[in-house]
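Beneath this line is the structure, given in structure tokens, with notes to follow.
Each value in this text was obtained by applying a stated rule to the coordinates, not by laboratory testing. Predicted model only: the values in this text are computed from it and were never measured. Every residue, glycine as well, gets a Cβ built from its backbone with ideal geometry; the counts of neighbours run over all protein chains shown.
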Amino acid sequence: MAPKERCKIFLDSNVMMSGLFSDRGAPRIILDLLALNLPMLSAATGRYNIMEIERNLKKKMPAAIPVYHKYLPKLKLEIVALPSIEAIRRMADVIAEKDIPVLASAIACGADYLITGDKKDFAKLKNDKRYEIEIVSPSEFVDQVLPAMIRDRDKKDNK
């Protein structure tokens, strides 16, 4: 997918968790960029993802819940509603059942990129052209997509 003037990304739960609780790495860079509210970047995640994050925090890191609630609004994420049963049925054979709501939500919000650290389950969809969304890892987004967006924006500004 060619970089656009304004890019919409969809963050999988694992990217958000990694970015919130590590002070380095591509997931953290992505969250820090979103907190800057740059005009070239907008982001979304799904209600399903939020539920997963909160469930994991309660189980594994309950002391971090106040930090999460304080930080989350700074990202200005669009929260995509849970996908319909019909949307889930249409994707039944596409990806692992637990990941269907993630993919369906990313597609529903019109994201250009689904950023996920889940290499195993999303790998088979990386080059799938059925959906108008590109699946990338956090490092692919930071190392390849974002620099291309900046180069394209600079070229446009210098014309």
Notebook entry, point to check: Can you tell me which residues in segment 116-159 are within 16 Å of Ile95 (Cβ to Cβ) and part of a helix (DSSP H, G or I)?
Noted result: Lys119, Lys120, Asp121, Phe122, Ala123, Lys124, Leu125
Next item on the list: Give just the number: which of (1) surrounded by 15 or more Cβ atoms within 10 Å (Cβ to Cβ); (2) among the aliphatic types (A, V, I, L, M); (3) free of Cβ contacts under 8 Å to residues at least 24 places away in the same chain does Ile9 not satisfy?
Entry: (3)
Item checked: Members of segment 6-39 found to be more than 13 Å from the chain's Cα centre (by Cα) and under 22 Å from Ala108 (Cβ atoms), listed by number -> Arg6
Margin query: Looking at segment 75-120 only, could you name the residues that are under 13 Å from Phe10 (Cα atoms) and not aliphatic (A, V, I, L, M)?
Written below: Lys76, Glu78, Pro101, Ser105, Cys109, Gly110, Asp112, Tyr113, Thr116, Gly117
Check: With Lys119, Lys74, Lys126, Lys70 as the choices, which residue is surrounded by fewer than 19 Cβ atoms within 10 Å (Cβ to Cβ), in contact (Cβ under 8 Å) with a residue 24 or more places away in the chain and charged (D, E, K, R)?
Finding: Lys74
Margin query: Can you say whether Ala35 is surrounded by fewer than 15 Cβ atoms within 10 Å (Cβ to Cβ), in contact with a Phe, Trp or Tyr (Cβ under 9 Å, 6 or more places away or on another chain) and aliphatic (A, V, I, L, M), as far as the supplied structure shows?
Written below: yes
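The rows are residues; the columns are (1) closer than 22 Å to Glu134 by Cβ; (2) not aromatic (Phe, Trp, Tyr).
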| site | (1), (2) |
| --- | --- |
| Ile9 | yes, yes |
| Arg28 | yes, yes |
| Tyr48 | yes, no |
| Asn56 | no, yes |
| Met91 | yes, yes |
| Val102 | yes, yes |
Check: Of Ala81, Ala87, Ala92, Ala96, which residue is touching a helix residue (DSSP H, G or I) at 6+ places or on another chain (Cβ under 9 Å), in contact (Cβ under 8 Å) with a residue 12 or more places away in the chain, surrounded by fewer than 15 Cβ atoms within 10 Å (Cβ to Cβ) and farther than 23 Å from Arg6 by Cα?
Finding: Ala96
Item checked: Counted residues, segment 49-96 - those being more than 19 Å from the chain's Cα centre (by Cα) and among the hydroxyl-bearing types (Ser, Thr, Tyr) -> 1
